[in-house]
Amino acid sequence: MDADDLDYLEKRALSYSPQDSRQQRPQPRQHHSQGLFGISLYGVIILCFLLFAGLLFYGIVHGFWHLESEGRADKMHIKDRTFVISGGASGLGLATVRDLHAQGGYIAILDLNAENGNKVVSELGDRTAFFEVDVSSPPSVSSAVSALVAWTKQTSKLIGGVIPAAGVGFPGKLIDRHNEPIPLENLELVLNINLRGVLDLIRLCLPHMTTTTPTEPDGERGVIIMVSSSAAFDGQPGQVAYAASKGAVRSMTLVLARDLAQYGIRAVSIAPSYFESGMTAAMSQKVRKSLEGVFEFPRRPGKGEDFARMVRQCVENPMLNGECIRLDGATRMPSRL
């Protein structure tokens with residue numbers, strides 16, 4: 001190596017600096033997974049996913065809760081409302097008393113049989129009260145309504161429903177085999193209990209329903225549930241008075257619903273066919289077998305629980321209004337058994 005080469009290398013050495021060394025040194029590879037605040041890109045993706053999943057879960061839960069809340073608001077609650085039930089110490093009325101009480105309702109039992117009525121109150125205990133009444137007697141009905149209204153003020157549970165379930169049947173044709181007309185008192189007994197007593201109880205309870213605070217969102221205040229009968233559609237021989245009274249209940253259902261619509265009160269009637277009750281218990285075994293022979297399905301008499309379940313539906317479903325609902329398992333009574 002000559003002098004010129006050494007001189008060249010010396011100059012190169014003098015011009016070389018540590019900074020140059022750093023610039024020439026290979027730089028470490030930049031990782032593109034580096035994210036915000038030192039968090040890797042993969043970590044950011046996971047956090048975003050968890051946030052999205054949380055929001056989605058909240059939305060689903062909130063949506064179901066909102067729908068459930070709307071469902072609760074749409075129907076009239078049984079719990080903590082008073083239901084006035086005439087004929088509530090026996091038969092279909094008693095089955096209704098038990099069912100509504102089991103749902104948390106307060107029950108005012110109206111009946112002529114004080115022994116049975118007090119026995120029911122002793123059995124069910126809280127949230128029930130018995131009021132002795134003869135629904136065919138206007139003074140008796142008025143006195144009973146005054147007493148039950150005073151009871152609702154003590155409990156602070158306002159009237160949410162009236163169910164006039166008291167009823168009688170007095171079979172007999174208008175003209176008998178001896179060409180004698182049926183005694184008028186027989187007709188009056190059926191009409192006074194099954195029709196006039198129904199209207200009387202409803203009219204006296206209404207002023208205490210129309211002034212209650214309506215529920216949201218429909219502004220509902222209560223419901224009237226009357227008891228018609230399959231006899232209103234296909235009555236049999238000897239049922240003229242009974243069919244007249246139950247047919248009248250059927251006919252006035254829509255009218256009552258229209259009259260009470262402005263107050264947010266619904267009116268419905270139920271028309272059972274052959275149900276096990278105190279009235280049908282008096283039938284002979286021969287008549288029972290004849291009736292069972294015309295059943296479609298189920299092939300059995302209706303039970304109190306079947307009727308009470310229908311009453312509960314009428315209370316809770318706000319779209320049931322102005323209609324008479326047959327509850328008969330598709331049974332149609334023939335003209336002869």
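The values are calculated or read from the model by the stated rules, or taken from the named source; none is laboratory data. Quantities reported herein were computed from a predicted structural model and do not represent experimental measurements. Don't worry about glycine lacking a Cβ; one is built from the backbone with ideal geometry, like all the others, and counts go over all protein chains shown. All accessible areas refer to the heavy atoms of the entire protein, side chains included, with ligands and DNA or RNA removed. Shrake-Rupley method; radii C 1.70, N 1.55, O 1.52, S 1.80 Å.
Structure values in brief
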{"read-out": "Built amide H within the under 5 Å cut-off of residue 107, gap 5+", "value": "83, 128, 129"}
{"read-out": "Whole-number D in µm²/s for segment 166-302 (Stokes-Einstein; Kirkwood sum over Cα pairs; 20 °C, 1.002 mPa s)", "value": "127 µm²/s"}
{"read-out": "Segment 217-316: GluC sites (Glu not before Pro) in DSSP loop, at most 12 other beta carbons within 10 Å", "value": "296"}
{"read-out": "Relative contact order computed over segment 82-327 (Cα-Cα under 8 Å; 6+ residues apart), in percent", "value": "20 percent"}
{"read-out": "Rounded percent of accessible protein surface that carbon and sulfur make up, segment 82-327, 1.4 Å probe", "value": "52 percent"}
{"read-out": "Per DSSP, loop trypsin sites (Lys or Arg not before Pro) in segment 281-337 with at most 13 further Cβ within 10 Å", "value": "299, 332, 336"}
{"read-out": "Over segment 82-327 - Rg/Rh using Cα atoms and the Kirkwood inverse-distance radius", "value": "0.97"}
